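Visitor: The structure under discussion is supplied below as structure tokens; questions concerning it will follow.
The values are calculated or read from the model by the stated rules, or taken from the named source; none is laboratory data. Remember, predicted model here, so these are calculated numbers, not experimental data. Counting neighbours? That spans all protein chains shown, and the Cβs are built from the backbone with ideal geometry, glycine included. Each accessible area value is taken on the protein alone, full model and side chains, heavy atoms only, with ligands, DNA and RNA left out. Shrake-Rupley method; radii C 1.70, N 1.55, O 1.52, S 1.80 Å.
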Amino acid sequence: MENDLLKERREKLEKLESLGVIAYGDKPLLRLDIGEAINNFSEGKKLTVAGRLMSIRGHGKVFFADLRDSSAKLQLYIKKDIVGEDKFNIFSLFDIGDIITASGELFKTHTQEITIKVEDLKLLSKSLKPLPEKWHGLKDVETRFRKRHLDLISSPEVREVFLRRTKIVSKIRSFLDSENFMEVETPMLHPIAGGAAGRPFSTHHNEYDINLFLRIAPELYLKKLLVGGFEKIYEINRSFRNEGVSTRHNPEFTMLEVYAAYNNCDDMMELCEELITHAAYEVFGKLIFEYQGHEVDLTRPWKRVSFAKIVEEEFRIFANDSESVMLDKLRAKGKCRAEKGLTRTQIMKIVEDHLQTQSFFSPTFFTDYFTFLCPLAMAKKDNPNISERFELFMGGIEIANAYSELNNPIEQKERFLAELKEDNEHNDRNVDEDFIEALEYGMPPAGGLGIGIDRLVMILTNQPSIREVILFPLLRPEA
């Protein structure tokens, strides 16, 4: 069946070309967005529009068709007596999916539908493959992601998600700009994988003959800019982690990282609330959302919960417990079967995963993280086992991470060395001596904030998977 359709379209292309029609034409002159034409409707107004044919209905000497561009959809009225026999016959060779331009005057049908009475039309791009069925679109999830171009054509709802994503990012950027933050760009190719926990992608630069890593986070480079004297900076960055794929994880993702000198964790908490509520209200005009059947209320102030207190209450685990003691307490609660071989960090990952299954749908700041979980964060002066850090959960998902930045180069190097000693999984880690040297010149006290853009968009647009908010998510090759 599909082969017959392909053959038919090829034959139509040949027929059009035999009639002197340029099947892949130039841009239309004086084109108006369809949305603008509809919003500023004026009876009898002459205009030219362009877009993709989404439906064609024939009635003898009259065709009706729906034309859509990125802004809206508009009905075309093509009458043989108006366009002439030659152009009417040419239109009869057009297919759903073809991209055309049409000129004429606006009017409203008896059902009050805004329509163009077409006087001239031209083919701009002949579609040689049929689009997904009008009422069905792409139902297979994998196919939707692999063929996002068809997903966008057939589903206005999908297009709307990505339009809103763009607006969210734009409002985040404009808010930070208005607060005198400077947008910067830092390298994606790193000689040392650092700045966050995560397994990196590795590559090789031929000219310099050096091994490099795709960045797992831009943090250390951004802190060097604090050393250099830039006091308020941010980067909306692409980062990469060579790890598992799930509804919340894609190997390539978008992060916002913000740093402010002479600030701390509490200041970042305030900034985080302001930034997200501003973007949400500016784009959606509301602060209460539904996420997968649950209410997410962004009304400030947001709830604050002590991580250390919850872990103590649920597991009787304390920050200064040894690995064996933590493991014994975790096994006693039936949350782990391992007998040995887990580091404290791995044990706490099990605890964190357990806590994430609890219902924290409206924004909740988790504070008071154990210092050994936060190698780049400043410890509390009155309790060195607890760091000045928070993680933000929303819709049951971790959305943001922030802390008072550690600016002591001696302690930072000790933390890096301890982290290396504990990491028995990977051998691609090294102490970033260049970053330590930068700290030795003096970095002002600062607060840093990271927000997962993909996950934030998931919540605000009520999407169940991160793949629904990434235009081209990484997929396993087809068999």
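Visitor: Between Ser465 and Glu43, 0.36 nm times their residue separation minus their Cα-Cα distance comes to what?
Guide: 147.4 nm
Visitor: Share of antiparallel DSSP beta bridges in the range 49-108, in percent to the nearest 5?
Guide: Within the range 49-108, antiparallel bridges account for around 100 percent of the total.
Visitor: With +1 assigned to the C-beta of every Lys and Arg and -1 to the C-beta of every Asp and Glu, and no other charges, what is the dipole magnitude of the chain about the Cα centre in debye, to the nearest 20?
Guide: That gives the chain a dipole magnitude of about 1860 debye.
Visitor: Once the other residues with Cβ under 14 Å from the Cβ of His278 are scored (Lys, Arg +1; Asp, Glu -1), what is the net sum?
Guide: Spelling it out: positives minus negatives among the neighbours equals -1.
Visitor: To the nearest 0.05, what FRET efficiency results for Lys303 and Asp140 with a Förster distance of 45 Å applied to their C-beta separation?
Guide: That pair, Lys303 with Asp140, gives E of 0.70.
Visitor: Another question, if that's okay. Of all DSSP beta bridges in the range 1-73, what percent run antiparallel (nearest 5)?
Guide: Around 90 percent of the beta bridges assigned by DSSP in the range 1-73 are antiparallel ones.
Visitor: Counting only other residues whose beta carbon sits under 14 Å from that of Phe393, what net charge do I get with K and R as +1, D and E as -1?
Guide: Local net charge: -1.
Visitor: Also, quick follow-up: I need the phi-derived Karplus couplings for the range 191-202: 6.51 cos²θ - 1.76 cosθ + 1.60, θ = phi - 60°, integer Hz, Gly and Pro marked x.
Guide: x, 10, 6, x, x, 5, 7, x, 8, x, 8, 10
Visitor: Keeping the other protein chains in place, figure out the carbon and sulfur percent of the accessible area of the range 300-352, with a 1.4 Å probe.
Guide: Summing carbon and sulfur atoms, their accessible area is 49 percent of the total for the range 300-352.
Visitor: Hey, another quick one. Using 0.36 nm per residue of separation minus the Cα-Cα distance, give me the extension gain between Lys381 and Glu11 in nm, one decimal.
Guide: That pair, Lys381 and Glu11, stretches by 125.4 nm at full extension.
Visitor: Another question, then. Output the peptides 378-387, 221-230 sorted from most to least packed, where packing is the average of other Cβ atoms within 10 Å over each peptide's residues.
Guide: 221-230, 378-387
Visitor: Return the percentage of antiparallel bridges among DSSP beta bridges fully within the chain, rounded to the nearest 5 %.
Guide: Percent antiparallel among DSSP bridges in the chain is about 90.
Visitor: What are the ³J(HN,Hα) couplings of the range 140-145, residue after residue, when phi is run through the Karplus curve with 6.51, -1.76, 1.60 and θ = phi - 60°? Round to Hz, x for glycine and proline.
Guide: My calculation for the range 140-145 gives 6, 4, 4, 5, 4, 6 Hz in order.
Visitor: Under 15 Å from the Cα of Lys147, which aspartates and glutamates turn up, not counting those fewer than eight places away in the same chain?
Guide: Within the straight-line limit of under 15 Å, Lys147 reaches these aspartates and glutamates: Glu133, Glu468, Glu478.
Visitor: Here is a follow-up. At a Förster radius of 22 Å, what calculated FRET efficiency corresponds to the Cβ-Cβ distance of Glu290 and Ser246, to the nearest 0.05?
Guide: The computed FRET efficiency comes out at 0.50.
Visitor: If I take R0 = 30 Å and measure r between the Cβ atoms of Asp353 and Ser71 in this structure, what FRET efficiency does the formula 1/(1 + (r/R0)^6) give, to the nearest 0.05?
Guide: Working from the Cβ atoms, E equals 0.10.
Visitor: With the cut-off at 1.5 for a/c, could you classify the range 271-410 from its C-alpha gyration tensor as rounded, prolate or oblate?
Guide: Judged from the Cα gyration tensor, the range 271-410 comes out oblate (a/c at least 1.5, b/c at or above a/b).
Visitor: Which net charge results when you count Lys and Arg as +1 and Asp and Glu as -1 among the other residues whose beta-carbon is under 15 Å from that of Pro187?
Guide: Charge balance near Pro187 sits at -2.
Visitor: Ignoring ligands, DNA and RNA, what percent of the accessible area of the range 75-221 is carbon or sulfur (1.4 Å)?
Guide: The computed percentage sits at 50.
Visitor: Please say if the chain is rounded, prolate or oblate, where rounded means a/c under 1.5 for a ≥ b ≥ c the square roots of the C-alpha gyration tensor eigenvalues, and otherwise the choice is prolate for a/b larger than b/c and oblate otherwise?
Guide: Since a/c reaches 1.5 and a/b is larger than b/c, the shape of the chain is classed as prolate.
Visitor: If packing is taken as the average number of other Cβ atoms within 10 Å across a peptide's residues, how do 402-408, 38-44, 144-150 rank, most packed first?
Guide: Highest-to-lowest ranking by the protection proxy: 402-408, 144-150, 38-44.
Visitor: Could you provide, to the nearest whole Å², the per residue accessible area of the chain with probe 1.4 Å?
Guide: For the chain, the solvent-accessible area averages 51 Å² per residue.
Visitor: Quickly estimate the mean residue ellipticity at 222 nm for the chain, helices only: each DSSP H run with n ≥ 4 gives -39500 (n - 2.57), and the total goes over all residues, rounded to 500.
Guide: When only DSSP H runs of four or more count, the value is -10500 deg cm²/dmol.
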